[in-house]
Each structure stands twice: as structure tokens, then as C-alpha cells.
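The next block holds one structure in the form of C-alpha cells; read it before the comments.
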Amino acid sequence: MTAGDRARDLGLYDLVEPAYSRYQGRMWRRAGCPTPAPSAVKRQVLRSVAREYGLRALIETGTYKADTVRALRKDFDRIVSVELSPELHARALRRTRHQANAELVLGDSALVLTGIVGTLDRPGLFWLDAHYSGGRTSLGDAISPIEAEIDAILSAAVGGHVVVIDDAREFHDSERSGYPAAEAIYSAAHQHGYRVSEEHDAFHLLPG
């Protein structure tokens, strides 16, 4: 376990995260906003989208170390996060054990997301980041479950959900990454009457 991991488990990361996020953002802007954007910038994008569309539920795929769940704990009434790795899921459970609005789910998002979407009675914000990227991330039946995830969200009875998909660059380079091509995301969105934009290495699927 790294020093950073120990700090997360002890809750120390939560104390320094706001200041560290501001620092990350400043350094990124000074560098000319390179791709990919740091995690702090991505979280600020999620905050901004949630405010713009009045969304109070965040559903994330790819919990990893639960940094997003912790950093956005005051920005949403409900946060659901799905993780495929039992090890990472167990650590995230420990880290969020006192966070009343956090619901952590162990499983393959391609399979469990339909059930989660069915519990929503109003539009939510979906942050899709469950694609395999090496290291400690987990590989399911597909390198990226994105197509099944989009279908589960946009086919739901409750409409108006907003979807933000991380790592757009990998979908634009599918031959190398093994991810579905970016065109598949655009096609799936348009079939459901959604429009697509891209910002800071993320696709934004917005209700038309």
C-alpha cells in the first residue's frame, strides 16, 4: 500500500483534497490545458454539469480508489459507484463507511447498471469511467463496457439523464486502445435523440 493509499484510508486525503484540487487546476491551466485533464478538473466539470441540469444523483462506473465519491460527497444527495475489482471495492467500502449518501456496488457495470438506473425516479448524472486502463484497474468481458452502459441509461423509462464519458482520446484511437470507436458513441446517442459534445477529453451526452 502506498503512502497515498494509507492517507486515503485514514481520511487524511479528504482534508487536503480541496487545496490540492485547486493547485492541480492552476498547474493544468498554466501548462496550456493539456490532455488528459487532471482529476480535479474532471470533477469540476461534473459539478458544473450537475448544476446546469439540476441533477442531484451521481452514478459512477469505475470506483477505483473512491476519490470521486469522496470529493463530490457534498455536491449530490445520492452517489452510486460500481467497481469490478473486489479488492478496490472493499477498500472503497472502508473509505466511505461514514458517508451516508454513498452506495458502492460490486459488479460488472455492463450487467448491473440497468438495475441501478431503474431505481431513479428523476434524471441523474452518469460518469462512465469503467474502461480498462492497465495498472490496478479491472478487465471484464470487454475492455470498455461503454456500449452496454449507454444502452442501459438511455433506454430507461425515466429520461433526461446526462452522461459524461471519460478518456475520449482512447475512443478516437480505438485501433490502439481496443475501445469501441468514437463513432459508436455518437451513433448510440443520436439513436436516443441525444446530442454529443466533447470537452477536456470527455464525451458529453445531452438530452436533445
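The values are calculated or read from the model by the stated rules, or taken from the named source; none is laboratory data. Everything quoted here is computed from the prediction, not taken from an experiment. Using ideal geometry, Cβ is built from the backbone for each residue, glycine included, and neighbour counts are taken over all protein chains shown.
Values computed for the structure shown
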item	result
Members of the range 149-208 found to be without any contact (Cβ under 8 Å) to a residue 24 or more places away in the chain and more than 22 Å from residue 114 (Cα to Cα), listed by number	172, 173, 174, 175, 176, 181, 182, 183, 197
Test: residue 31 is modelled with pLDDT under 95, more than 20 Å from residue 161 (Cα to Cα) and among the hydrophobic types (A, V, I, L, M, F, W, C)	no
Residue 35 being hydroxyl-bearing (Ser, Thr, Tyr) and surrounded by fewer than 17 Cβ atoms within 10 Å (Cβ to Cβ)	yes
Check on residue 181, modelled with pLDDT under 95, of a type in the set (Gly, Ala, Ser) and over 23 Å from residue 39 (Cα atoms)	no
Residues of the range 58-72 satisfying the condition of being crowded, with 22+ Cβ neighbours inside 10 Å and either β-branched (Val, Ile, Thr) or without any contact (Cβ under 8 Å) to a residue 12 or more places away in the chain (or both)	59, 61, 63, 69
